[in-house]
Amino acid sequence: MEQKTKINAGDGKQDLTITRTFDLPVELLFRAYAEPDIIEQWMSNPYSTTKILKFETASHGGYQLESRDAGGKVVFRANGAIHEFDPNRKIIRTFEMEGTPYGVQLEVYQFERLTEDTSKLNMHVIYESVAQRDQVLALPFAQGINMAHNRLEEIVSKQK
Amino acid sequence: MNLRRDVFQAIADPTRRAILLLVAAQSMTAGAIAAKFDTARPTVSKHLQILTECELLEQEQNGREIYYHINAKKMKEVADFIEPFRQMWDDRFNKLESIMKKYKTK
C-alpha cells in the first residue's frame, strides 16, 4: 500500500519536504491550521495537552503555543511569525521551540485540492543548517531506540 | 583484534544507545556526555571511541573543545533513520484527518 505521508530529506541538505494526502476537502484541511480550538485538538495526545496562547493569522502576525503533561507541567513552548496566510492555498511561517538548540525553521505549507473530497498538503521546511536539520530528523529515531530499550529492560527485569 | 567495529555490535550496548540519544538531541563534548552517566569517565570514553570508530558519531573541533555529533548517513544504514520521523508525522496527520471528518457538513 502506498504511504500517505512521505518525507523527502536529501543527504547534506538543510531542508526537507513532508507531503500527505487527506480524505478531506481542501477547505477542511486548511481549517485544521486556521482555527486555534481545532489545532489544540489534533496537536494534543494522551500524554500532553496543547494550548494556543497567541494566534494572529494576518500576514506578519505571530503565534505561540505550549504543551503540558498530565500533571500540568509545561513540556515545551513554541512560537513563530506568520509571513503569509492565504486561505485554502498557502501558509508561510517560522517555527521555533523555545529553549532548545534546534534553532528556527522556515515552513512553507501548500494546500492543494485534488478532488471534491481529497486534498494534499506539501510542507517545505528549511533549517538553519544541515546539522540542525539532521538533529531534528534524528530525534524520533533516538527516542524510538531508547523506548525499545526501556521496554526490553522491563521484560528482562520481570523475568528475573 | 579487529578494530573495524561492527555497527550493530556498537548499538547493542544500552549505554552506547543512551549516548546516541543524548548526542542526537545536541552536539556535546566528551566531558558533558560523561557527566550524564554514573559510569567512570574512561568507560564513557571507550564507548565514544567505539561509536566514533564505527562512524555513528563524528568529532568536530570547535576551538579547544571536541564536539561529538550524530552521523546521520551512517545511522541510516543501521535502520531506516527517517522512518520514526515519518511515523510521527503520519500519526499526527491521521489524527488531524479523523478530527476534521467530524466537521464535514452532514
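Could you compute the longest span of chain A free of GluC sites (Glu not before Pro) located in DSSP loops and having at most 13 other Cβ atoms within 10 Å, not counting the site residues?
A:3-55
Where does each of A:MET123, B:MET75 land when they are ranked from fewest to most other beta-carbon atoms within 10 angstrom?
Starting with the residue having the fewest Cβ neighbours, the order is A:MET123, B:MET75.
Of A:ALA81, A:ALA34, A:ALA70, which is the most mobile in a GNM of chain A whose springs link Cα atoms less than 10 angstrom apart?
Among A:ALA81, A:ALA34, A:ALA70, the largest GNM mean-square fluctuation belongs to A:ALA70.
Taking Cα atoms, how many degrees apart are the long axis of helix A:130-159 and the longest axis of chain A, rounded to 10 and kept between 0 and 90?
Helix A:130-159 sits at roughly 40 degrees to that axis.
Within chain B, which is the longest segment containing none of the chymotrypsin sites (Phe, Trp or Tyr not before Pro) that sit in a DSSP loop and have at most 15 other Cβ atoms within 10 Å?
Of all site-free stretches, the longest is B:38-102.
Relative to the longest principal axis of the C-alpha atoms of chain B, give the angle of the C-alpha long axis of helix B:41-53, reported between 0 and 90° and rounded to the nearest 10°.
Roughly 70 degrees between the two axes.
Rounded to the nearest angstrom and ordered from largest down, what semi-axes does the equivalent ellipsoid of the protein assembly as shown get from its C-alpha gyration tensor (root of 5λ)? Walk me through the numbers before you get to the answer.
Working: eigenvalues 280, 81, 71 Å².
For the protein assembly as shown, the semi-axes come out at 37, 20, 19 Å.
If you place +1 on the Cβ of every Lys and Arg and -1 on the Cβ of every Asp and Glu, how big does the dipole about the Cα centre of chain A come out, in debye to the nearest 20?
420 debye
Would you please name the chymotrypsin sites (Phe, Trp or Tyr not before Pro) within segment A:24-72 that are DSSP coil residues with at most 13 other C-beta atoms within 10 Å of their C-beta?
A:TYR47
Taking only Cα atoms of segment B:7-78, what ratio of Rg to Rh do you get with Rh as the Kirkwood inverse-distance radius?
Ratio of gyration radius to Kirkwood radius for segment B:7-78: 0.93.
So how far apart, in nm, are the two label points at A:GLU116 and A:ALA78 if each is 7 Å from Cα heading toward Cβ?
The answer from the label model is 3.5 nm.
How many partner chain Cβ atoms sit within 10 Å of a residue's Cβ in peptide B:67-74, on average, as a whole number? Each step should come with its number before you reach the end.
Values: counts 0, 0, 4, 7, 2, 11, 3, 0.
Going residue by residue through B:67-74 and averaging, the value is 3.
Label A:MET123 and A:SER59 with points 7 Å out from Cα along Cα→Cβ: what is the distance between them in nm?
For A:MET123 paired with A:SER59, the spin-label model returns 2.4 nm.
Every number in this text was worked out from the coordinates using simple rules, so none of it is lab data. Because the structure is predicted, anything quoted here is derived from the model rather than measured. We place every Cβ from the backbone using ideal geometry, glycine too, and count neighbours over all the protein chains shown.
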